[in-house]
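Below is one structure, written out as structure tokens; comments come after it.
The values are calculated or read from the model by the stated rules, or taken from the named source; none is laboratory data. Note that the coordinates shown come from a computational prediction; the quantities given were computed from them, not determined experimentally. With ideal geometry, Cβ positions are generated from the backbone for all residues, glycine too; neighbour counts draw on all protein chains shown. These accessible areas exclude ligands, DNA and RNA; they are computed on the full protein's heavy atoms, side chains included. Shrake-Rupley method; radii C 1.70, N 1.55, O 1.52, S 1.80 Å.
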Amino acid sequence: MIALRSVLFNTIFYANLIIRMIVLSPYYFVVPRKIAYAIPKNWARSNHWLMRVIVGTTFEIEGLENLPDGSYILAPKHQSFWDTYALLPWLKDPVYILKRELMWIPLFGWYAKKQRMIPVDRGARGKVMVEVLKRTKEELSTGRQLIIYPEGTRRPPGAEPVYKYGIARMYRDLNLPVVPVAMHPGLFWPRRSIRRYPGHFKVRILPPIMPGMDPDAFFAHLIEVSERASDELLLETVERNPHLPLPPTAVERLVELRKLNAATA
């Protein structure tokens, strides 16, 4: 049944994306940008409904009260395609820094351009990165929220963290609060897999790290609070969903955590 539900969900998921983009394009590209943002936000909500109804996956969000007013940097863990869109309905006016290649995709790239997403060449240095920072400051000056994945790419649940120092530079240069987010959607929507698994998990929005810290101290603190919350949620999620097939990284990390908890009990 999991295989059948997974195929059904994936088929409807991508059909939902493509059909919405085509049918709603006349409206999307005519109305003002902020009004048009309702379309991707409603698409995200519809995906949550599809996951619940077809796959049987549900989630809850803790810590919405930790989101500051105005501009801030959201720094989620990144495990799955799910977390690239999942929080859109709860953010006022988010902006992403995207791989420039994504802007070349028909329809998707046009939608992203309308929302003034910021393209970047991942291998770029020097003047290009200065221009990216300039664009980012311009967008955030209007009260938008920047979404950055501190590890840069998707990592399997329980994997050893590999944070990129770029988040510390952004923290220093933008002088804004950084809000860490811990979650384990990768247990239910694994990367590089068509399988989708039923169950329930939490998204935990942590208290903001206020601007003004030394960048090195901030970087160490971000990793510490994010990974502590991630470990807590890994234990909690697996205990609540014993049926889940776990990746080796999660199995190894669970063994380490249980040994540590036993030693300190």
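Data overview
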{"item": "Whole-Hz couplings from phi, Karplus 6.51/-1.76/1.60, listed for the range 181-192; x for Gly and Pro", "result": "9, 10, 5, 10, x, x, 6, 10, 10, x, 5, 6"}
{"item": "Within a Gaussian network of the chain (alpha carbon springs, distance under 10 Å), most fluctuating of TYR37, TYR149, TYR165", "result": "TYR165"}
{"item": "Straight-distance crosslink candidates among aspartates and glutamates, where the alpha carbon sits under 15 Å from LYS92 and sequence neighbours closer than 8 are dropped", "result": "GLU65, ASP69, GLU139"}
{"item": "Charge sum, other residues only, whose C-beta stays under 13 Å from PHE219's C-beta, Lys/Arg counted +1 and Asp/Glu -1", "result": "-2"}
{"item": "Alpha-carbon centroids, the range 1-36 and the range 209-265: separation in whole Å", "result": "33"}
{"item": "Selected from PRO106, PRO247, PRO207 as most flexible by GNM, with the chain as the system and alpha-carbon contacts under 10 Å", "result": "PRO106"}
{"item": "Distant alpha-carbon pairs in the range 1-111 (separation over 19 angstrom), percent", "result": "54"}
{"item": "By accessible area with a 1.4 Å probe, ligands and nucleic acids excluded, highest first: order of TRP49, TRP189, TRP104, TRP90", "result": "TRP104, TRP49, TRP90, TRP189"}
{"item": "Hull volume in cubic angstrom per residue (convex hull over the Cα atoms of the range 23-75)", "result": "123"}
{"item": "Where only C-alpha atoms are counted, convex hull volume of the range 109-264 per residue in Å³", "result": "154"}
{"item": "Solvent-accessible area, 1.4 Å probe, carbon plus sulfur percent, for the chain", "result": "61"}
{"item": "Relative counts (whole %) of C-alpha pair distances in the range 122-186, using bins that are 5 Å wide", "result": "3, 13, 23, 24, 16, 12, 7, 1"}
{"item": "Simple label model, 7 Å out from Cα along Cβ direction - TYR165 to GLU236, nm", "result": "3.4"}
{"item": "For the range 7-49, projected area of the alpha-carbon convex hull averaged over all directions, nm²", "result": "2.9"}
{"item": "Residue order for GLU160, GLU101 - accessible surface, 1.4 angstrom probe, largest first", "result": "GLU160, GLU101"}
{"item": "Long-range HN-HN contacts of LEU74 with modeled amide H, under 5 Å", "result": "LEU146, ILE147, ILE148, VAL179"}
{"item": "GNM top mover of ALA112, ALA229, ALA220 - the chain, alpha-carbon springs below 10 Å", "result": "ALA220"}
{"item": "Other-chain or far-sequence residues with amide H under 5 Å of HIS200's (modelled H)", "result": "THR58"}
{"item": "Solvent accessible area, Å² - ARG45, 1.4 Å probe, full protein context", "result": "110"}
{"item": "Two-decimal log10 I(q)/I(0) for the chain, as the Debye equation yields it once each C-alpha is a single scatterer, q = 0.16 Å⁻¹", "result": "-1.37"}
{"item": "DSSP bridge orientation in the chain - percent antiparallel, rounded to nearest 5", "result": "20"}
{"item": "Whole-Hz ³J(HN,Hα) from phi, Karplus 6.51 cos²θ - 1.76 cosθ + 1.60, for the range 78-84, glycine and proline x", "result": "10, 10, 8, 4, 3, 7, 7"}
